[in-house]
Every structure is written in C-alpha cells, then in structure tokens.
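So the structure is just underneath, and the comments pick up after that.
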Amino acid sequence: MEANEILKRVTGLLEAQFPVLKSLPLDPHTVLVSSGYLDSFAIVTLVSELEGSFHFDINVDALEVSSFETPAAIASLCEATLRAR
C-alpha cells in the first residue's frame, strides 16, 4: 500500500471517529495530542480502528504518544506495522 493511500485512510478514520476534526483544516501535520484533540481514550479507540481497517495488530507495549501527534505520524506507524508483518 502506498504512503499516500495510508495517509488518506488514516485521515478518513480520524474524521469518522472524531467528528470535531472535520471542522479543522486536517492535514498531515495537524497537531492532535498536544492540542487536546486526542487524549488517551481517543488513542485507544483509534488503535482499535486502525487494527480493523489495516488488518494488523499494533504492539501496544511499544507505543508512544508521539506516534499519534499528527496524521503523518499515525500513517508512519501504520506503514511500519504493515512492513513488519
């Protein structure tokens, strides 16, 4: 799967799960965690959605909050997880 396809899917999942993000100019570098749009509960929800959408398992023991700071960071996490399987 191409990087731009992954980013589009991540952006779509974010907008579907967190409707408040639809009102933002959501781009690859939109700050999500530090700005308060995603908290720890939202990250848990997002991990579940990513696993279902991409059909992979994310090693939650190795996760860092910084992996969810921007849509680009989330897409990078997905790319790395896809490559590792």
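The values are calculated or read from the model by the stated rules, or taken from the named source; none is laboratory data. Small disclaimer: the values here were computed from a predicted structure and weren't measured. Here the Cβ positions follow ideal geometry from the backbone for every residue, glycine too, while neighbour counts run over all protein chains shown.
A few comments on the model shown:
- Within the range 43-65, the set of residues being touching a residue at least 24 places away in the same chain (Cβ under 8 Å) and of a type outside the set (D, E, K, R) comprises I43, T45, L46, L50, S53, F54, F56, V65.
- Residue selected from the range 27-71 under the condition in contact with a Pro (Cβ under 7 Å, 6 or more places away or on another chain) and surrounded by 16 or more Cβ atoms within 10 Å (Cβ to Cβ), by the criterion farthest from A3 (Cα to Cα): T30
- Here S53 meets the list (1) more than 13 Å from the chain's Cα centre (by Cα); (2) among the hydroxyl-bearing types (S, T, Y); (3) modelled with pLDDT of 95 or more almost entirely, failing just condition (1).
- Residues in the range 50-75 that are closer than 14 Å to D27 by Cα and part of a helix (DSSP H, G or I): F68, P71, A72, A73, I74, A75.
- Looking only at the range 19-43, and only at residues there that are part of a helix (DSSP H, G or I) and out of contact with any helix residue (DSSP H, G or I) (no Cβ under 9 Å at 6 or more places or on another chain), the one that is farthest from F68 (Cα to Cα): S23
- Within the range 72-85, the set of residues being touching a helix residue (DSSP H, G or I) at 6+ places or on another chain (Cβ under 6 Å) and either small (G, A, S) or surrounded by fewer than 16 Cβ atoms within 10 Å (Cβ to Cβ) (or both) comprises A73, A75.
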